[in-house]
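Participant: Pasting a structure here, questions to come.
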Amino acid sequence: MMIKINFLSLRISCFQQLLSAIISGQDSPKSFMETKVFNLNPLTFLVIFLAHVVATSAQLSFGFYAASCPTAEFIVRNTVRSASSSDPTIPGKLLRLLFHDCFVEGCDASVLIQGNGTEQSDPANTSLGGFSVIDSAKKVLELLCPGTVSCADIIALAARDAVELTGGPAVQIPTGRKDGRVSAASNVRPNIVDTSFTINEMIKLFSSKGLSLIDLVTLSGAHTIGVAHCSAFSDRFQVDSKGKLTLIDSSLDMNYAEELMTRCPAGASPSVTVNNDPETSLSFDNHYYRNLLLHKGLFQSDSVLLKDNRTRKQVENFTNDQESFFANWAQSFLKLSVVEVKTGNAGEVRKSCSVINR
């Protein structure tokens with residue numbers, strides 16, 4: 001049975017109340033498995049029950065693999081932990097991978113499919129990373145539970161775990177996504193946020209995915225980890241007659257702009273990267289919002305959140321209250337992870353994440 005949008009909307013409504021009881025928010029990295037204990041009142045129990053019923057009817061559920069592959073989530077988590085210990089940029093790559101997957105064709109692992117004309121061939125996706133982590137987890141899962149765990153679920157779980165591993169909140173997400181059979185480069189640009197977007201362009205795109213203004217501000221906080229290539233923010237500078245960069249975006253802090261121009265001079269190698277967060281690039285925290293107030297948002301699409309009255313208040317709130325950011329992150333991340341999911345016959349469980357089953 002194919003998933004219905006109204007099922008998802010109802011389920012998300014329930015989750016808005018549920019998540020305060022099932023997330024773990026920390027100010028700094030602690031034990032990866034540590035969670036906070038909440039006292040659940042009768043209303044919360046009712047919400048949990050309703051969420052479970054709706055999720056089940058939509059063919060997504062918590063613990064979807066409890067019987068068919070009980071170690072699935074542990075294997076993904078352990079793979080992410082191992083990869084991140086040797087390469088601390090992995091968490092940021094996995095989180096970005098989820099965004100690029102879910103915004104194009106929904107959360108169906110279409111971004112993993114290789115070949116001419118696929119999503120990976122679009123310039124917006126050529127700098128994506130983290131594929132080897134997904135493949136590693138998939139290989140282990142195929143050995144233990146052949147044909148059971150979808151690549152789409154692995155992406156969602158890996159991104160979830162990446163956030164927790166770097167100090168962010170622990171979030172429970174449902175599983176049961178199926179892998180899509182369509183991956184086209186032509187679908188990428190109309191569905192991906194460009195770093196030069198205006199606030200109205202971002203609102204329109206997020207709204208088309210069922211995500212609100214609050215979700216937009218919250219999910220932009222993903223830029224608290226990860227790196228970016230120089231080309232992603234080059235529109236904030238121009239090359240003068242002497243071949244040097246000059247700042248043309250007055251919303252950017254001058255000292256920060258100087259640092260960026262030093263790191264990314266005119267003609268810089270395409271391989272050069274800059275930390276999204278100049279202060280705590282390896283920690284999932286609220287420093288992204290603090291940076292915005294200091295006019296140190298790396299992208300134009302970051303800076304507009306501070307300049308627009310519709311989003312500035314939320315930026316200020318998250319700057320002053322990391323717990324609030326974490327609580328909102330859990331809700332918004334959950335909504336992101338179920339955007340246009342495929343279930344039942346609408347998709348498949350790929351044997352290899354990079355190739356559609358034959």
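The values are calculated or read from the model by the stated rules, or taken from the named source; none is laboratory data. Bear in mind the structure is a predicted one, so any value in this text is a computation, not a measurement. Quick reminder, even Gly has a Cβ in these numbers, built from the backbone with ideal geometry, and neighbours come from all protein chains shown. Ligands, DNA and RNA are stripped out before the accessible areas are found, and what is left, the full protein with its side chains, is counted by its heavy atoms. Shrake-Rupley method; radii C 1.70, N 1.55, O 1.52, S 1.80 Å.
Participant: With under 27 Å from Leu112 (Cα atoms) and either in contact with a strand residue (DSSP E or B) (Cβ under 6 Å, 6 or more places away or on another chain) or without any contact (Cβ under 8 Å) to a residue 24 or more places away in the chain (or both) as the only criterion, which of Thr343, Thr273, Thr262 stands out?
Facilitator: Values: Thr343 fails: either in contact with a strand residue (DSSP E or B) (Cβ under 6 Å, 6 or more places away or on another chain) or without any contact (Cβ under 8 Å) to a residue 24 or more places away in the chain (or both); Thr262 fails: under 27 Å from Leu112 (Cα atoms).
One residue alone meets the criteria, Thr273.
This table checks each residue for (1) of a type outside the set (A, V, I, L, M, F, W, C); (2) modelled with pLDDT under 95; (3) assigned to a loop (DSSP other than H, G, I, E, B); (4) outside the structural domain of Phe103 (by TED's automatic domain parsing).
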| position | (1), (2), (3), (4) |
| --- | --- |
| Ser127 | yes, yes, yes, no |
| Ser136 | yes, no, no, no |
| Ala152 | no, no, no, no |
| Ala156 | no, no, no, no |
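Participant: Which of the following residues is β-branched (Val, Ile, Thr), in contact (Cβ under 8 Å) with a residue 60 or more places away in the chain and touching a Gly at 6+ places or on another chain (Cβ under 9 Å): Ile113, Ile134?
Facilitator: Numbers: Ile134 fails: touching a Gly at 6+ places or on another chain (Cβ under 9 Å).
Result of the check over Ile113, Ile134: Ile113.
Participant: Can you say whether Ala137 is crowded, with 22+ Cβ neighbours inside 10 Å and closer than 25 Å to Ile225 by Cα, as far as the supplied structure shows?
Facilitator: In short, yes.
For (1) among the basic types (Lys, Arg); (2) part of a loop (DSSP other than H, G, I, E, B); (3) not assigned by TED's automatic domain parsing to the domain that holds Val80, each residue gets a yes or a no:
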site: Val149; (1), (2), (3): no, yes, no
site: Ala159; (1), (2), (3): no, no, no
site: Glu164; (1), (2), (3): no, no, no
site: Gly168; (1), (2), (3): no, yes, no
site: Gln172; (1), (2), (3): no, yes, no
site: Arg181; (1), (2), (3): yes, yes, no
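Participant: Checking Ile154 against (1) of a type outside the set (Asp, Glu); (2) in contact with a Ser or Thr (Cβ under 7 Å, 6 or more places away or on another chain); (3) surrounded by 24 or more Cβ atoms within 10 Å (Cβ to Cβ), only one condition comes out false. Which one?
Facilitator: Every listed condition holds for Ile154 apart from (2).
Participant: I need every pair where a residue in region 57-72 that is within 21 Å of Cys107 (Cα to Cα) and modelled with pLDDT of 95 or more has its Cβ under 8 Å from the Cβ of a residue that is open to solvent by 60 Å² or more (accessible area, probe 1.4 Å) and of a type in the set (A, V, I, L, M), sequence separation at least 6 or different chains.
Facilitator: As it stands, the answer is Cys69/Leu144, since those pairs meet every condition given.
Participant: Which of the helices (runs of 4 or more DSSP H) contained wholly in region 197-316 include at least 3 residues that are open to solvent by 70 Å² or more (accessible area, probe 1.4 Å) and in contact with a Ser or Thr (Cβ under 9 Å, 6 or more places away or on another chain)? Quick ask: steps written out before the conclusion?
Facilitator: On the way: elements: 199-208, 213-219, 254-263, 287-293, 300-307.
It comes to none.
Participant: While we're here: When you look at Phe49, is it assigned to a helix (DSSP H, G or I), of a type in the set (Phe, Trp, Tyr), modelled with pLDDT under 95 and over 21 Å from Leu219 (Cβ atoms), yes or no?
Facilitator: It is true that Phe49 is assigned to a helix (DSSP H, G or I), of a type in the set (Phe, Trp, Tyr), modelled with pLDDT under 95 and over 21 Å from Leu219 (Cβ atoms).
Participant: Shifting gears a bit: Can you list residue pairs whose Cβ atoms sit under 7 Å apart, with the first residue in region 165-193 being under 25 Å from Gly221 (Cα atoms) and among the hydrophobic types (A, V, I, L, M, F, W, C) and the second being assigned to a loop (DSSP other than H, G, I, E, B) and open to solvent by 50 Å² or more (accessible area, probe 1.4 Å)? Count only pairs 6 or more apart in sequence or on different chains.
Facilitator: Ala170/Thr35
Participant: If only one of Phe233, Phe237, Phe206 is out of contact with any helix residue (DSSP H, G or I) (no Cβ under 6 Å at 6 or more places or on another chain), among the aromatic types (Phe, Trp, Tyr) and free of Cβ contacts under 8 Å to residues at least 40 places away in the same chain, which one is it? Show your work before the answer.
Facilitator: Details: Phe233 fails: free of Cβ contacts under 8 Å to residues at least 40 places away in the same chain; Phe206 fails: out of contact with any helix residue (DSSP H, G or I) (no Cβ under 6 Å at 6 or more places or on another chain).
Of the residues listed, the single one that is out of contact with any helix residue (DSSP H, G or I) (no Cβ under 6 Å at 6 or more places or on another chain), among the aromatic types (Phe, Trp, Tyr) and free of Cβ contacts under 8 Å to residues at least 40 places away in the same chain is Phe237.
Participant: Being open to solvent by 10 Å² or more (accessible area, probe 1.4 Å), in a helix (DSSP H, G or I) and of a type in the set (Lys, Arg), is that true of even one residue in region 338-354? Spell out how you get there, then give the answer.
Facilitator: The initial filter retains those residues of region 338-354 that are open to solvent by 10 Å² or more (accessible area, probe 1.4 Å), namely 340, 342, 344-346, 348-349, 351-352, 354.
Keeping just the survivors that are in a helix (DSSP H, G or I) gives 344-346.
Those still in the list that are of a type in the set (Lys, Arg) too: none.
Within region 338-354 (the criterion being open to solvent by 10 Å² or more (accessible area, probe 1.4 Å), in a helix (DSSP H, G or I) and of a type in the set (Lys, Arg)), the answer is no, since none of the residues qualifies.
Participant: Let me ask you something else. Just checking, does region 325-337 include any residue being aliphatic (A, V, I, L, M), touching a Ser or Thr at 6+ places or on another chain (Cβ under 9 Å), under 30 Å from Lys139 (Cβ atoms) and open to solvent by 10 Å² or more (accessible area, probe 1.4 Å)?
Facilitator: no
Participant: Something else about it: Go through region 104-122 and give me each residue that's among the acidic types (Asp, Glu) and surrounded by fewer than 24 Cβ atoms within 10 Å (Cβ to Cβ).
Facilitator: Across region 104-122, the qualifying residues are Glu105, Asp122.
Participant: The conditions are (1) within 25 Å of Gly176 (Cβ to Cβ); (2) loosely packed, with under 15 Cβ neighbours inside 10 Å; (3) in contact (Cβ under 8 Å) with a residue 12 or more places away in the chain, and His100 fails exactly one of them. Which is it?
Facilitator: Exception for His100: condition (2).
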